[in-house]
Amino acid sequence: MPSADDALDLMVALGDDLRSLELPGMSLDRPTPPQVEALVAWSEEARAQVDVVLAEIDDARLLGKDVRRATRRGVGMVRAWVRRSLATWSTERGIGLLGSYLRQGEQARWDTLASATVAQVEHEPEAVDRFLGLYIEMAREAAEVGLASLIAPAGSR
């Protein structure tokens, strides 16, 4: 069995050839992030989407309707809008199998947080605004560094 020193010797011998090494399902290329102006406009539209949802939840509360149902619907609508809108900047280049796995894990994490937000909305109404604010900020930061594909698969428009 080769030792760690053998592996290091091989890496030194290969030198620049290692830079072109590509693992299955991975690429070292990074997608081009959106322009600053486009991200600012996106953030403003995202906040407008959240404001509409918060107003609908407030209406449900005031009219004695099911607040959890309104919250579940509203959170789902904003998250769907984020995925559709980020698809513009999404590409599978640089994502591959690892990115697909990370996207699924990230989506599952936010699904869990969304469910927790819906569950506590009657006792903590500001939880919806806080959750959606965090979700939008996470999505904006992912897009800003060229990783919109972790939120929205390419072609998901």
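The values are calculated or read from the model by the stated rules, or taken from the named source; none is laboratory data. None of these values were measured; they are calculated from a predicted model. So basically every Cβ, Gly included, is an ideal-geometry build from the backbone, and we count neighbours across all protein chains shown.
Scanning region 31-64 for residues that are part of a loop (DSSP other than H, G, I, E, B) and surrounded by 13 or more Cβ atoms within 10 Å (Cβ to Cβ) yields Pro31, Pro33, Pro34. For region 97-104, check the following and say yes or no: at least one residue is at pLDDT below 95, in a helix (DSSP H, G or I), of a type in the set (Phe, Trp, Tyr) and out of contact with any helix residue (DSSP H, G or I) (no Cβ under 7 Å at 6 or more places or on another chain). Checked against the condition, which is being at pLDDT below 95, in a helix (DSSP H, G or I), of a type in the set (Phe, Trp, Tyr) and out of contact with any helix residue (DSSP H, G or I) (no Cβ under 7 Å at 6 or more places or on another chain), region 97-104 yields at least one hit.
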